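The values are calculated or read from the model by the stated rules, or taken from the named source; none is laboratory data. Fair warning: this is a prediction, and the values are worked out from it, not measured in the lab. Reconstructed Cβ throughout: ideal geometry from the backbone, glycine too, with neighbour counts over all protein chains shown.
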There are 2 protein chains.
Amino acid sequence: MIELSRTDSGNASRSATRAANLAERIYGQLKQDIFDFRLLPGDRFTETEVAERMGVSRTPVREALFRLQRESYVEVLYRNGWRVRPFNFEYFEDLYDVRTILECAAVRRLCDREKMPAQLEDLKRIWLVPESARLEDMNTLSALDERFHEMLVEAAGNSEMALIHHDITEKIRIIRRLDFTKPPRVDATYVEHGMVLKAILERRPEPAQMMLKAHIEESRREVRKITLHMLHSARQDAQGRE
Amino acid sequence: MIELSRTDSGNASRSATRAANLAERIYGQLKQDIFDFRLLPGDRFTETEVAERMGVSRTPVREALFRLQRESYVEVLYRNGWRVRPFNFEYFEDLYDVRTILECAAVRRLCDREKMPAQLEDLKRIWLVPESARLEDMNTLSALDERFHEMLVEAAGNSEMALIHHDITEKIRIIRRLDFTKPPRVDATYVEHGMVLKAILERRPEPAQMMLKAHIEESRREVRKITLHMLHSARQDAQGRE
DNA sequence: GAGCACCTTCTTGTACACAAGTTTGTGTGC
DNA sequence: GCACACAAACTTGTGTACAAGAAGGTGCTC
């Protein structure tokens, strides 16, 4: 497995299940439930419900829910339960825009540096490989694609920017999951990432930004095709898996 | 009083004291305590302490503290109390950078629109006035300056970008407060804001961005001068006021 | 049958009690 | 005087009880 762990600088917004803290565990599980469509946008639920399902009291559940609320995954209805925030396509469009802005700015900063940071070496090793060495597993590739963009921003050296970008990436992830039925643009992704990297290494900010923009625009186009019907199918699938 | 309330789109991260929710009230009060240096960076305190001072139980206090933690104003020390996050100048430098990036992007988008949004009219009424009509009260001006930048971003029409920018503005506010001893650059601010506005209205993105960048750079320069000594004085002042 | 008042039930909001673990002070042995 | 063990005092983490209020069903009136 290729290891590309995020430099854990930020306030523990890591997923997974950490033993120490019940609230943190619940937080991670709930978020995963949302990503995996076991909890679908618009679904309503109560604190007690979650507490019983997870086998803990309401206290840590509430703590987890408040965090998810702040990150706008769920919302509380005053004394009337909670709801997974319904899909709002404008919201995702906006997030894509901000993401593009941040990544382009990061690329520009990278081109301005005299010495390229070490992270770029890692990216080269992954994306600038001969066609025969390209990976094919979709899940791995999807994760690597996400990391490519995150690492570009991290490499620029502004950790607040990286944190914000990371949050955005996570928020977008849920809608990218819906796109999994399509044949992935594996070759295109390799080519495009490779070109962006090369342009950065050659310190040509304009083309690098252009290509990056086009590349993000492509995945945004896919997202635009996502309809409420796909959401419905996802619900069916998720229930089938249970 | 000039009214320029933020379009309340986001998740209630408003300050002030709202009656409905104890936790929200505590949240606002704690944040204000931090901004007013009644709680100084590095100060340690406990949940019980805050609960008693505010006359409520620990539950809403904890909820408020977790929110402030997520927004990186405070941090919890495992079973060992809480602490106001110590000053980290790199942190503020990074925030200034992201702020510049977002505002420049907003300006570019504004110049691309065929019809200018209504918010710009409000800004014109405030900043494009004859010298005789300029305000002088520092507190008002400081608030208006903050709103100028926020409204630029809001006018660009991307509400996620506006939310992120708003959070950043709030985080920077605490350090700008330290700068209050200096004579404010009242005239310069009027001139610079005016020039940025005019450039936008004339749809000249490059000069608009340049001037905005220089303007932000100026306030960043002030912030750079802030030393730990000023923090110390602020503590003295705050204690004197109590 | 339609509309309205009421009441039950369920929800989150808040307070409080206890558990788990850290820090700090105290006393003892040397 | 110093080092170490121990205990007491706190601190946050978690569970639980109760309060305030919303929603929806039920029965009454017309």
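Here are some residues: B:I200, B:I226, B:I175. Which one is assigned by TED's automatic domain parsing to the domain that holds B:D137 and touching a Phe, Trp or Tyr at 6+ places or on another chain (Cβ under 7 Å)?
B:I175
From A:R38, A:R44, A:R108, grab the single residue that is of a type in the set (K, R) and touching a Lys or Arg at 6+ places or on another chain (Cβ under 6 Å).
A:R44
Does the range B:203-213 contain any residue that is farther than 30 Å from B:F37 by Cβ, in the same structural domain as B:E103 (by TED's automatic domain parsing) and not in a helix (DSSP H, G or I)?
Scanning the range B:203-213 turns up at least one residue that is farther than 30 Å from B:F37 by Cβ, in the same structural domain as B:E103 (by TED's automatic domain parsing) and not in a helix (DSSP H, G or I).
In the set A:E71, A:E114, which member is of a type outside the set (K, R), more than 16 Å from DNA strand D (Cβ to nearest atom) and assigned by TED's automatic domain parsing to the domain that holds A:D145?
On inspection, the qualifying residue turns out to be A:E114.
For a quick check of your reading of the model, give me the residue pairs whose first member lies in the range B:58-69 and is more than 8 Å from DNA strand C (Cβ to nearest atom), whose second is of a type in the set (V, I, T), with beta-carbon atoms closer than 6 Å and at least 6 apart or on different chains.
Once the first residue is more than 8 Å from DNA strand C (Cβ to nearest atom) and sits in the range B:58-69, its partners that are of a type in the set (V, I, T) give B:A64/B:I26; B:L68/B:V74.
For the range A:47-65, how many residues meet the condition of being charged (D, E, K, R), near DNA strand D (Cβ under 9 Å from one of its atoms) and crowded, with 17+ Cβ neighbours inside 10 Å?
Here the count works out to 2.
Taking helices (runs of 4 or more DSSP H) that fall entirely within the range B:30-121, which contain at least 1 residues that are more than 10 Å from every other protein chain (Cβ to nearest Cβ) and closer than 27 Å to B:S159 by Cα?
Once the helices (runs of 4 or more DSSP H) in the range B:30-121 are filtered for at least 1 residues that are more than 10 Å from every other protein chain (Cβ to nearest Cβ) and closer than 27 Å to B:S159 by Cα, what remains is B:58-70, B:89-112.
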